[in-house]
Structures are given as structure tokens and as C-alpha cells.
Amino acid sequence: MTIDQQWGDMMDETEFGYPPQQEIIEGDIKKIISYEDRDEKVVKVTRFYKLTKLKVPKPIADRKKWKKFGDCSSDGPGINPANSMVGDAVFLTLATKKEQQEKKEDDVAEKMAKLKASGQGMVVCRICKGPHWTKQCPYKDTLGVALDVQQEEANAVKPPVRAPGAYVPPSIRKGEPQDSQTRQRDENPTIRVSNLAEETSEKDLQDLFKPFGPVSRIYLAKDKNTGISKGFAYITYNRRESAETALQTLHRYRYGHLILQVEWAKPSGS
């Protein structure tokens with residue numbers, strides 16, 4: 001309820017020009033009566049507040065007991081609208097991981113659409129053929145090893161075509177027995193392990209396969225430029241029983257965050 005009064009009438013009520021603020025509490029309703037200057041008129045303003053009890057941390061409760069100072073030194077507990085202003089409440093909304101991932105995917109899709117519309121060359125992953133860099137491929141752990149092996153086999157050096165009558169070493173003659181070194185390597189029990197992580201080292205393989213028996217040779221395929229593991233290796237044992245035990249135990253064995261694939265190595269001539 002608002003009552004307009006003339007300035008001269010209010011001057012008689014108080015020497016400061018404004019009557020003191022009144023606070024009336026009726027049950028859970030608090031009524032505050034104050035006077036303000038609006039459009040060169042003194043206006044009586046009545047505000048109603050609903051009182052509620054909330055549990056707050058102890059430091060906040062202690063802070064409410066601090067003695068007021070300045071223009072608020074004579075005010076009671078709470079906020080005096082005549083000399084204080086409460087800002088709008090600001091609510092902090094935390095985004096979940098799912099929302100962040102969806103936003104990231106939307107941003108990537110938008111960038112790809114702009115790139116496609118510009119007519120520039122598209123980046124294609126060599127593993128899954130998706131529109132991203134191979135190093136950032138989300139399917140690298142599951143598809144990378146198999147595709148690397150296929151790529152390596154496809155890029156394998158084919159035997160050169162020799163002219164008729166040219167000399168052919170006995171080790172590569174068709175139908176001729178292989179040399180002793182190659183034959184000995186094929187006769188040794190060798191297993192092939194794939195789906196290895198990039199950070200795998202020969203020492204890691206030694207620690208993993210040595211408990212099954214004496215290991216005579218370990219070959220870990222690495223990239224020539226970066227030295228990073230290509231994801232597969234060959235383990236040669238002195239005894240076939242040791243190789244069979246390692247194959248049966250470590251096939252589909254979880255090593256780090258990947259599942260190992262262990263099988264018998266194929267002869268070098270096949």
C-alpha cells in the first residue's frame with residue numbers, strides 16, 4: 001500500500017525530513033514501512049517479506065552477527081532497502097561430461113561442414129577412414145594393429161623379377177632347400193603377439209614371456225622414423241613346450257588396456 005504525502009507535512013514529523021523506518025513482524029510475515037523521495041514527493045512504501053528458516057554454514061551465521069557501520073550502523077538485523085541493494089541471484093550450472101562431449105562433437109561437425117563447403121582438402125584417417133587425424137583416431141586401439149599389419153604386408157618388398165639365366169641364390173630358389181640359418185629359425189618355436197600398445201618395449205616383453213621358459217630371441221617391430229612400436233612382436237623359445245604354454249596362457253590376455261592376440265608365427269617362406 002502506498003500513500004502520497006506533501007513534503008511540508010512530512011517535515012513536521014521528523015527533523016530529518018523522513019520518518020524512521022518501521023519493522024513489524026506478524027507470525028512468519030515481516031512488514032517494513034519506509035519513506036522514499038519519488039518525483040519530488042515523499043512516498044510511503046510498505047514491503048512484505050515471508051520469513052523462512054534455513055540452515056547455513058557456521059561462518060555465514062557468525063558473519064550475520066557482525067556489528068553494522070556507516071549508514072547502516074543503526075539498522076537492525078537483515079537488509080535495509082533504504083540504503084542497501086540486493087543483486088540478482090546468479091546460479092552456476094555445471095555441464096556434465098556427456099554435455100561436454102556432445103558440444104565437442106557438434107563443434108567438430110561444424111568445422112568439418114565449413115571445411116567441406118570451402119572445397120579444401122579433407123583430412124582422412126588411414127585407420128578408420130574418418131574425418132580426423134590418425135593419431136587422434138578413437139578406434140586406434142581396436143583397429144590400428146590389424147590395419148598396420150595389413151599395410152605392412154601390402155608394402156612388403158616383393159622379390160625382383162630376374163632376367164632368364166641370371167644367378168639366383170640357393171636360399172631363394174623355388175623348390176631348393178633353404179640355408180641353414182633360415183631353416184634353423186623356422187624350426188625354432190616362435191609365436192607372434194599382436195595388439196601391443198605403442199609404449200611397449202622389449203624389456204616389457206621379456207618380463208611377460210620369460211616366466212614360461214628360456215627365450216632365445218625377441219623381435220619387436222618398430223617404426224623406423226619414430227621408434228614407436230607397431231603393435232606386434234615375435235618371441236622365439238628354446239623349447240616348443242614353453243611356447244605352447246605361453247600361447248595358451250597369454251592369448252586374449254589383458255595387458256594394460258588392450259587384449260593380446262597370440263598365435264604361432266608363420267614360416268618365413270610362406
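The values are calculated or read from the model by the stated rules, or taken from the named source; none is laboratory data. Remember, predicted model here, so these are calculated numbers, not experimental data. Glycine also receives a Cβ, built like all others from the backbone with ideal geometry; neighbour counts cover every protein chain displayed. The area values use the complete protein model at the heavy-atom level, side chains included, leaving out ligands, DNA and RNA. Shrake-Rupley method; radii C 1.70, N 1.55, O 1.52, S 1.80 Å.
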Check: For the stretch 64-102, which residues satisfy the criterion of being part of a helix (DSSP H, G or I) and either touching a residue at least 40 places away in the same chain (Cβ under 8 Å) or more than 29 Å from Val45 (Cα to Cα) (or both)?
Finding: Lys97, Lys98, Glu99, Gln100, Gln101, Glu102
Check: Looking at the stretch 195-209, which of its residues are open to solvent by 40 Å² or more (accessible area, probe 1.4 Å) and more than 29 Å from the chain's Cα centre (by Cα)?
Finding: Glu202, Lys203, Gln206, Asp207
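Among the strands (runs of 3 or more DSSP E) contained in the stretch 210-270, which hold 1 or more residues that are touching a residue at least 60 places away in the same chain (Cβ under 8 Å) and open to solvent by 90 Å² or more (accessible area, probe 1.4 Å)?
In the stretch 210-270, 261-264 are the strands (runs of 3 or more DSSP E) which contain 1 or more residues that are touching a residue at least 60 places away in the same chain (Cβ under 8 Å) and open to solvent by 90 Å² or more (accessible area, probe 1.4 Å).
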